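The values are calculated or read from the model by the stated rules, or taken from the named source; none is laboratory data. For clarity, every value in this text was computed on a predicted model and none was experimentally measured. All Cβ positions, even for glycine, are placed from backbone atoms using ideal geometry, and neighbour counts span all protein chains on display. Each accessible area value is taken on the protein alone, full model and side chains, heavy atoms only, with ligands, DNA and RNA left out. Shrake-Rupley method; radii C 1.70, N 1.55, O 1.52, S 1.80 Å.
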Amino acid sequence: MRLDKYICKSSELTRNEAKKLLKSGEVTVDGEVIKNGAFKVPEGAEVISSGQVLSLLGHRYIMMNKPQDTICSNVDEVHPSLLHFLDVDRAFELHIAGRLDADTTGLVLITDDGQWSHNITSPKKHCEKTYRVWLEQPLIEQDLDETTEQFKNGVQLNGENGLTLPATLVAVDETEMLLTITEGKYHQVKRMFAAVGNKVIGLHRESIGGIVLDDDLMMGEWRDLTEQEIAKFS
Ligand code: URA
């Protein structure tokens, strides 16, 4: 890794501040003063700045309860990015592992660890996601049984080849359901209900692969994940 990047990743300094620090001759690598930001830091080298050893900060792993009218993107569009709710340094260097629509609320996982988020989003991993769904048309008795069976067997989404993978539907009441899917196709939950003649009027993600959104995390609130939660996708 370049020395200027190494300094940024092991402190709160920006790239410009790191360059100034280097120019001042305060940084040594294995005992030698280095002023060039492009210098490649050898594996295991000791980098010291103003007498303090710099060690790379670890990756960051966060859960947030996504508010409505925010988007899971690093760039604002019609709606603002949900990263504005994260009061951490360099929030916009993080990314969201598994996007939600602007009008969907609930669990989002946010990180800067690309391999970790790949383990969540890769279609090959079949990671389970559970959504609380509010429907326009009540589902009772035979209708509920039919829809449950259709989702278990797979439904044909408009414009897709093949059926959806087996999904589990559990009714909370006539219009409120819990749906667990192992895919992440565009607008998947809304399109699954559209495929069986219903309409989703509210959607909230409750869990991703065993990581469950805290009950007491209000919309827009977040917390760091625990080591056990991080380990589920490491
Ligand atoms: N399925 C949808 O239709 N929308 C989401 O935001 C997530 C899953």
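A few notes on this one:
- Members of the stretch 155-190 found to be among the acidic types (Asp, Glu) and either modelled with pLDDT of 95 or more or touching a Pro at 6+ places or on another chain (Cβ under 8 Å) (or both), listed by number: Asp173, Glu174, Glu176, Glu183
- Selection count where residues are more than 32 Å from the chain's Cα centre (by Cα) and more than 19 Å from Glu12 (Cα to Cα), scope the stretch 43-77: 1
- Residue tally, condition open to solvent by 40 Å² or more (accessible area, probe 1.4 Å) and either touching a residue at least 60 places away in the same chain (Cβ under 8 Å) or not hydroxyl-bearing (Ser, Thr, Tyr) (or both), over the stretch 198-229: 16
- Contact map, the stretch 27-47: residues that are closer than 7 Å to Leu3 by Cβ paired with residues that are of a type in the set (Lys, Arg) and part of a strand (DSSP E or B), Cβ distance under 8 Å, separation 6+ or inter-chain. Pairs shown: Gly37/Arg2; Phe39/Arg2; Val41/Arg2.
- Filtered residue count, the stretch 1-33, keeping only those that are open to solvent by 20 Å² or more (accessible area, probe 1.4 Å), of a type in the set (Asp, Glu) and closer than 15 Å to Leu56 by Cβ: 1
- Of the residues making up the stretch 97-118, just one is in contact (Cβ under 8 Å) with a residue 24 or more places away in the chain, open to solvent by 30 Å² or more (accessible area, probe 1.4 Å) and more than 11 Å from the ligand (Cβ to nearest atom), namely Asp112.
- Taking the conditions (1) more than 14 Å from the ligand (Cβ to nearest atom); (2) under 19 Å from Phe233 (Cβ atoms); (3) in a strand (DSSP E or B) in turn, Lys124 satisfies each one other than (3).
- Matching residues, the stretch 63-75, being out of contact with any Leu (no Cβ under 8 Å at 6 or more places or on another chain) and within 23 Å of His118 (Cα to Cα): Ser73, Val75
- So Thr148, is it among the hydroxyl-bearing types (Ser, Thr, Tyr) and open to solvent by less than 60 Å² (accessible area, probe 1.4 Å): yes
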